[in-house]
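Laboratory data are not the source of any read-out in this text; all were calculated from the coordinates shown. No experiment lies behind these values; they were computed from the predicted model shown. Methodologically, a virtual Cβ is constructed for each residue, glycine included, from the backbone with ideal geometry; neighbour enumeration extends over all protein chains shown.
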Amino acid sequence: MKNVEDRSLIYTILKFCTSIVHRFTLKHFTINGLENIPRGQPIIFAPNHQNALLDPLAVVFASKSEPIFLARADIFKNKFIARFLNAIKIAPVYRIRDGKESLGKNKDVFENSVRILQNNHSLCLFPEGKHVGMKSMDPHKKAIPRIVFIAAELTNFDLDINIVPVGINYSHYYKFRRNVTINFGEPIKTKAYYDIYKTVGETKASNAMRTDIFEAVRKLVVHVPNKNHYELYEQAFEMMRNETAQKLGVARMHKYFVDIERYITSKIADKLSDNDDLGDQFTQKATKYQALKEKLKLRERALVKGKIGFGKTALSFFVMLLLLPFGIYGALANGWVFYVTRYPYRKKIKDRQFWSTFSFGLSFVLYYLWLIILVFILTALFHNWLLAVILALVSIPSGIVAWETGQLFLQVIRRLRFNWLQRQNSTTFAQMMELRAELYNFYQNSIS
């Protein structure tokens, strides 16, 4: 980490190139609260952690700064990965589970961190110490308070560090063209904890700081308070998102999906307050309902929209027909890369939160390489390098059109399947719809 805060040409180039890939993999990237980030002052960003290495990228591209990240040491075991992590300013923090002998290595990490803060640069630590993989936070670890108080001791308690809480929110963790919203909260001034540290000790000061950081981050994210009932909340987000948006007068769903899901979460949590039995009962129903949807190959969006008529079906296919030329070109130009960077490896990676990380890494390498190869192929076909470059660049938005056209097609097919199952008087379908009605009534009563 020596002088890792200094500007680097490699880092700048890498950041620019990754930002392009990052932006095209997302549909909407919404940033709120940039005014809460102090300028020319020491900062520690404290985000929630849900999606492995995509979380650091989200903070970098949202904050428009170059924070140095401290992450758990076990992800540095592979030499290639370790080099890549160092290139993007991520350094290891060692934990007891990494072995007692490794804890001594933290001395250099913390001393370098203090130097970075003294020079008014920024650090970023994920207080949970691991990614959670769901819209719910784990208790915070001691890393941030420890660095703060080491820095305070070394600067005679003169360094007032700004801890900026960050909420990273995903509409989905590994789907292509998902929505991401980043919320920056008001900074927490660390001088407020120095008196506690000096009078009653580090433990109480650290606990007070951790509690305040946790509560500050919780206000910026969707936080399901009881993970045992997570399936119940997850079904509520899918089933009630549109209706709740209308209730709250929200027009742009992608911009306010966090507010909508936070509202749903708070209402259900109030309903289940001191009533775990009710939560268990409806969580079982939600889990069974999800299993029946998967069995019938239906998605919640098709059920929310319901039956589709001839006119809507015809209009959808007409739109698909108009987009077909771009879609075909996009699919031919990018289809194999899209498949290779998303699906073949999934069965080998047990932790789903690394799916997006692995996909992003492959995409970063293969898409740039493929664009260069595509230019040569098109030049050979048309004997015009300028036309080849233009066609290669056009293949990128055409690939997105191919994706969106495919999604529209699947939505129509699922709604037609809904029509067919309804006419067939399927017992499984009837059971699913009965469960859906029970869940819908529970959610509606909770939200009302």
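Points worth noting:
- With 0.36 nm allotted per residue and the present C-alpha distance subtracted, the Ser316-Arg177 stretch has 48.0 nm of extension available.
- Ignoring aspartates and glutamates fewer than eight residues from Lys130 along the same chain, the ones with Cα atoms less than 17 angstrom from its Cα are Asp55, Asp74, Asp98, Asp138, Asp351.
- Nearest-ten-degree value, helix 427-447 long axis tilted from longest Cα axis of the chain: 50 degrees
- Too-long pairs where the Cα-Cα distance tops 31 Å, listed order kept, from Lys27/Lys79; Lys267/Lys312; Lys191/Lys219; Lys27/Lys219; Lys247/Lys347: Lys27/Lys79; Lys267/Lys312; Lys247/Lys347
- Along the axis of the charge dipole computed for region 310-425 (Cβ charges of +1 for Lys and Arg, -1 for Asp and Glu, origin at the Cα centre), the listed residues Ala314, Leu381, Gly361 are led at the positive end by Ala314.
- Cα gyration tensor, region 9-218 - rounded (a/c under 1.5), prolate or oblate: prolate
- Per the Kirkwood formula applied to alpha carbons, region 310-425 shows a radius of gyration over Rh ratio, Rg over Rh, of 1.10.
- Nearest-ten-degree value, helix 355-382 long axis tilted from longest Cα axis of the chain: 60 degrees
- Once the Cβ-Cβ distance of Asp276 and Ser448 is raised to the sixth power relative to R0 = 22 Å, the FRET efficiency obtained is 0.50.
- Projecting the Cα atoms of Val224, Thr199, Ile213 onto the charge dipole of region 157-271 (Cβ charges, centred on the Cα centre) puts Val224 farthest toward the positive pole.
- Simple spin-label estimate for Asn419 and Phe84 gives 4.5 nm between the two label positions (7 Å along the Cα-to-Cβ direction from each Cα).
- When you filter the trypsin sites (Lys or Arg not before Pro) in region 342-448 for DSSP loop state and at most 16 other Cβ atoms inside 10 Å of their Cβ, you are left with Lys350.
- Per DSSP, loop trypsin sites (Lys or Arg not before Pro) in region 47-94 with at most 16 further Cβ within 10 Å: Lys64, Lys77
- Intensity falloff of the chain expressed as log10 I(q)/I(0), Debye formula with alpha-carbon point scatterers, at q = 0.06, 0.07 Å⁻¹: -0.32, -0.43
- Principal axis box of region 125-200, alpha-carbon based, largest edge first, Å: 49, 20, 17
- Relative to the longest principal axis of the Cα atoms of the chain, helix 385-424 runs at roughly 60 degrees.
- Net length available on complete extension from Ser8 to Tyr230 is 75.6 nm, with 0.36 nm assigned per residue and the Cα-Cα distance removed.
- Stretching Phe157 away from Asp195 to a fully extended chain increases their span by 12.7 nm, per 0.36 nm per residue minus the current alpha-carbon distance.
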